[in-house]
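The values are calculated or read from the model by the stated rules, or taken from the named source; none is laboratory data. Everything numeric here is computed off the predicted structure, so don't read it as measured data. Neighbour counts run over all protein chains shown; Cβ positions are idealised from the backbone, glycine included.
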Amino acid sequence: MNPAPYAVCAATARGRFHPEPEAATRSPWQRDRDRIIHSSAFRKLQYKTQVFVNHEGDFYRTRLTHSIEVAQIARSVARALGLDEDLTEALALAHDLGHPPFGHAGEEALNLAMKPFGGFDHNAQSLRVVTLLESRYAGWDGLNLTWETLEGLAKHNGPLRSPPPYIAEYNDRYKLDLSTHAAAEAQVAAMSDDIAYHSHDLDDALRARLFGPKDIAHLPIVGEALSAARRSSLDVPPPRLRHETIRRVIDAMVTDLIEETRKRLTKLAPKDADAIRRAKQRVVTFSPAMAEANQVIKDFLFARMYRHWRVNRMTTKARRLTEELFRLLHADPTLLPDDWRGRAGEPGTPRAATVVGDYVAGMTDRYAMDEHRRLTDITVSG
């Protein structure tokens, strides 16, 4: 399929902060995707919580499996809309690189602990990872990704009127046009994140028996998918019923997203990618009816999954552990490993807070629990 006129294209790409010769066999965004996949931050997503802490079970989503599922949805949508699939995939795979251990519980704890020093934001941390913390190349820190990929990461949720400190700082060095929307590829990655997040959290919650099929029968989109799944066979066993339901939920959301986006594209008639960026509202989005249904599903998951007593127990422990890790290391940076200690400087300072925040955010669930044990249990050697 020929790319749409509003897709990003190599001919008008804005390059990289550190200029590099183009690759003979890959587009700029294929190279970005490959650099993201080979990064240490991407590998660590395998052991970072989505909702359930990693050791709770082998079949629950982690940040890695979630990111792969987002990328699969995003590529399908990008293909249907004539967008650049490789840039869309790169953004989908990179969008959670900045997440700390223990999912949103870890982020909430780290943000609270770092409040006096500017707080913590996982979107800003994702940009920090790919522009500073990854150390793989001789000539620069970070992955030296293209402007288009950095723009998409920074504006993951739309224009930034009051950007987090690191994004503002980086924008001073390399302008990312923070006041405009991101390109359509980034908008697709963001919406695919929503689709994957809600549908797959439903799947994990049903698998964990936090609620059952009868509890979701009233939900818009989900209820219709459940009924259709039951009609597909006279006797659908529970695991297959769950899968048949979730795949229909995903299909309904993806279909709506493509149809609504096509309507908006027809109305806007953008001649290039910059026309998408300058639009008064985002172009890639659900119809009003699907957006409302999605909010109902989100509210249900918040009440019945994210605030379930079993999940509450995990998140309470995770918040406490994350906060204690930060507090102990910030108060005494000499406890940090050698390669981090030299960067931290004096205890209790903003510099130490930034370095400790980077260290804690880069941990997997398992490493964070082990490190906390080493720091607090006198019977465990360092």
Here are some conditions: (1) surrounded by 13 or more Cβ atoms within 10 Å (Cβ to Cβ); (2) touching a residue at least 60 places away in the same chain (Cβ under 8 Å); (3) over 30 Å from residue 374 (Cβ atoms). Residue 314 meets all but one. Which one does it not meet? (3)
Kindly provide the set of residues from segment 75-97 that are touching a Leu at 6+ places or on another chain (Cβ under 7 Å), in a helix (DSSP H, G or I) and within 18 Å of residue 45 (Cβ to Cβ), ordered by number. 91, 94
Which helices (runs of 4 or more DSSP H) sit wholly inside segment 122-219 and have at least 1 residues that are β-branched (Val, Ile, Thr)? 147-154, 165-173, 184-207, 213-216
Whether any residue in segment 229-246 is closer than 20 Å to residue 75 by Cβ and touching a Ser or Thr at 6+ places or on another chain (Cβ under 9 Å) is what I want to check. yes
Count, please, the residues in segment 240-256 that happen to be farther than 18 Å from residue 191 by Cβ and acidic (Asp, Glu). 1
Limited to segment 127-150, what total is found for residues that are surrounded by 21 or more Cβ atoms within 10 Å (Cβ to Cβ) and under 20 Å from residue 180 (Cβ atoms)? 7
Considering residues that are modelled with pLDDT of 95 or more and among the aromatic types (Phe, Trp, Tyr), the number found within segment 100-116 is 0
Residue 344 versus (1) surrounded by fewer than 19 Cβ atoms within 10 Å (Cβ to Cβ); (2) closer than 30 Å to residue 149 by Cα; (3) over 22 Å from the mean Cα position of the chain (by Cα): which is the lone unmet condition? (1)
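Quick one: is residue 271 of a type in the set (Lys, Arg), modelled with pLDDT of 95 or more and not in a helix (DSSP H, G or I)?
yes
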A careful count of residues in segment 50-68 that are crowded, with 22+ Cβ neighbours inside 10 Å and either in a helix (DSSP H, G or I) or modelled with pLDDT of 95 or more (or both) gives 3
Filter result (small (Gly, Ala, Ser) and either surrounded by 18 or more Cβ atoms within 10 Å (Cβ to Cβ) or in contact (Cβ under 8 Å) with a residue 60 or more places away in the chain (or both)) within segment 1-26: 4, 7, 13, 15
Taking segment 262-283 and keeping residues touching a residue at least 60 places away in the same chain (Cβ under 8 Å) and among the aliphatic types (A, V, I, L, M) leaves 265, 273, 275, 276, 279, 283
Of these, 349, 334, 364, which one is in contact with a Lys or Arg (Cβ under 8 Å, 6 or more places away or on another chain) and free of Cβ contacts under 8 Å to residues at least 24 places away in the same chain? 334
Look at segment 355-382 and say how many of its residues are under 21 Å from the mean Cα position of the chain (by Cα) and either of a type in the set (Val, Ile, Thr) or at positive phi (or both). 2
For the condition over 25 Å from residue 203 (Cβ atoms), among the hydrophobic types (A, V, I, L, M, F, W, C) and buried (at least 24 other Cβ atoms within 10 Å of the Cβ), what is the one hit in 91, 97, 110? 110
